[in-house]
Amino acid sequence: MTAVKNSGVALVTGASRGIGATIARRLARDGFSVALNYASSSGEADKLAAELSQTGVKAIAVQGDVAKVDDVRRMFETVEQQLGKVDVLVNNAGILKTAPLAQTGDELFAQTFAINVGGVFNTLREAATRVNDGGRIINLSSTTLALNLPGYSIYNGTKAAVEAFTRVFAKELRGRRITVNCVAPGPVATDLFLNGKTDEQIQQFSKMPPLERLGQPDDIANAVAFLAGPDGAWINGQVLRANGGIA
Ligand code: NAP
């Protein structure tokens, strides 16, 4: 059997580090030109774009805070000018700062919703007219939504919104052959998960899935690549929990 090679343009938000960087690497390997969005980590994004370019892939780094409408518009315009219209949008940019609801300040609440929900809203609204027919949209949710752990109420609230957008937007794009899905990782060994946790807490999380380890960015990139590629064509409006069976 011959492996099917993709073509077209993939835009990955929050691709300077962590899961987003690994998704971008994987989509580049699968044949897409890739646009790596980042908010502030220009050094890491530029380095990854240069690394991918050296392998013959068209890759650019594009600064833009997904929480800002104008940045998102400019980001799409830059990608269209430099790589062409977007075929695959991966809404990966996100933040997690845990705190009990009663101790969550207005600023943290607003910031988490601005990036995790506002960011996805801003890119989806642009995507409605900018993503090519036959395209794919993949939003990052989280398995924490199923775990209901203390400290996660605000974060889970943002991911619940992302899952709701996904299901409805998939239907609103009727006639365009664009699929919209979520990947909901369990704990993955990135800065977002590891920062602020003790070794003991990390051990506890790693024992939670029946597969008894933390997820790695590649585990999530594999699921995204499936949804972005030919084998995922019939999956639409779904949430795929990539979590080693934790929930
Ligand atoms: P990470 O290592 O902290 O990386 C976050 C990425 O998002 C960085 O590239 C960062 O860019 C970017 N970003 C943050 N705020 C942004 C903004 N306003 N605009 C544009 N880019 C922004 O996080 P991760 O673990 O890879 O998480 C990626 C996604 O997976 C998130 O949506 C997260 O909620 C979800 N997730 C993660 C886990 C986990 O255990 N790690 C589990 C479930 C779901 P800069 O460095 O430039 O700020």
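What number comes out for accessible area per residue over segment 198-247 if the probe is 1.4 Å? Units Å², please. Display every interim value, and only then the final one.
Numbers: 2990 Å² over 50 residues.
Accessible surface, normalised per residue, equals 60 Å².
As an exercise, use a Förster radius of 30 Å and the Cβ-Cβ distance of Ser40 and Asp199 to find the FRET efficiency, rounded to the nearest 0.05.
Computed FRET efficiency for Ser40 and Asp199 comes out at 0.60.
Across the chain, how many lysine pairs, 8 or more apart or on two chains, come within less than 16 Å at their alpha-carbon atoms?
Numbers: Lys5/Lys58; Lys47/Lys58; Lys58/Lys85; Lys97/Lys159; Lys97/Lys197; Lys197/Lys207.
Lysine pairs meeting the criterion: 6.
I need the calculated FRET efficiency for the pair Asn132 and Leu101, taking r as the beta carbon distance and R₀ as 45 Å, to the nearest 0.05. The partial results should precede the final answer.
Working: r = 41 Å, r/R0 = 0.91.
The value I calculate is 0.65.
Calculate the length of the line joining the C-alpha centroid of segment 175-218 to that of segment 21-72, in whole Å.
Comparing the Cα centres of segment 175-218 and segment 21-72, I get a distance of 21 Å.
Restricting to the chain, compute how many DSSP beta bridges are antiparallel as a %, nearest 5.
Values: 0 of 26 bridges.
Roughly 0 percent of the DSSP beta bridges within the chain come out antiparallel.
For Ile235 and Arg213, compute 0.36 nm times the residue count separating them, minus their Cα-Cα distance, and round to one decimal in nm. Write down the numbers at each step before the final one.
Working: separation 22, 0.36 × 22 = 7.92 nm, distance 2.73 nm.
Between Ile235 and Arg213, full extension yields 5.2 nm more.
What's the extension gain from Ser153 to Arg167 if we count 0.36 nm per residue and subtract their Cα-Cα distance? Each step should come with its number before you reach the end.
Numbers: separation 14, 0.36 × 14 = 5.04 nm, distance 2.11 nm.
Separation in residues times 0.36 nm, less the Cα-Cα distance, equals 2.9 nm.
What longest region of the chain stays clear of trypsin sites (Lys or Arg not before Pro) that DSSP places outside H, G, I, E and B and that have at most 11 other Cβ atoms within 10 Å?
Working: sites that count: Lys5, Arg174.
My reading of the result: 6-173 is the longest stretch.
How much length is gained on full extension from Arg174 to Leu108, taking 0.36 nm per residue of separation minus their Cα-Cα distance?
So the chain would gain 20.2 nm between Arg174 and Leu108.
Counting only protein heavy atoms and using a 1.4 Å probe, what share of the accessible area of the chain belongs to carbon plus sulfur, as a whole percent?
51 percent
Hull surface divided by four, with the convex hull built on the Cα atoms of the chain: how many nm²? Walk me through the numbers before you get to the answer.
On the way: hull surface 53.8 nm².
The orientation-averaged projected area of the Cα hull of the chain comes to 13.5 nm².
Based on Cβ point charges of +1 for Lys and Arg and -1 for Asp and Glu, what charge dipole magnitude is obtained for the chain about its Cα centre, in debye rounded to the nearest 20? Don't jump to the answer; show the numbers that get you there.
On the way: 25 positive and 23 negative charges, 127 e Å.
Computed charge dipole of the chain: roughly 620 debye.
As a test of the formula, what do you get for the chain when each DSSP H run with n ≥ 4 contributes -39,500 (n - 2.57) and the sum is divided by the residue count, at 222 nm and rounded to the nearest 500 deg cm²/dmol? If you can, show how the numbers build up before the last one.
Details: 10 runs with 108 residues, N = 247.
Helix contribution divided over all residues of the chain: -13000 deg cm²/dmol.
I want to make sure I understand the PRE zone here: with the label point 7 angstrom from the Cα of Ala160 toward its beta carbon, which residues in segment 168-207 have backbone N atoms less than 17 Å away?
Answer for segment 168-207: 168.
Heavy-atom accessible area per residue, segment 96-157, 1.4 Å probe: how many Å²?
On the way: 2730 Å² over 62 residues.
The answer is 44 Å² per residue.
Given the options Thr22, Leu48, Val69, identify the residue whose Cα lies farthest towards the positive end of the charge dipole of segment 1-103 (+1 on Cβ of Lys, Arg; -1 on Cβ of Asp, Glu).
Toward the positive end, the furthest listed residue is Thr22.
Among Val86, Thr158, Phe193, pick out the residue whose Cα is farthest towards the positive end of the charge dipole of the chain, where Lys and Arg carry +1 and Asp and Glu carry -1 on C-beta, about the Cα centre.
Val86
The values are calculated or read from the model by the stated rules, or taken from the named source; none is laboratory data. These figures come from a predicted structure and were not determined experimentally. Using ideal geometry, Cβ is built from the backbone for each residue, glycine included, and neighbour counts are taken over all protein chains shown. Areas reflect the complete protein model, heavy atoms only, side chains present, ligands, DNA and RNA absent. Shrake-Rupley method; radii C 1.70, N 1.55, O 1.52, S 1.80 Å.
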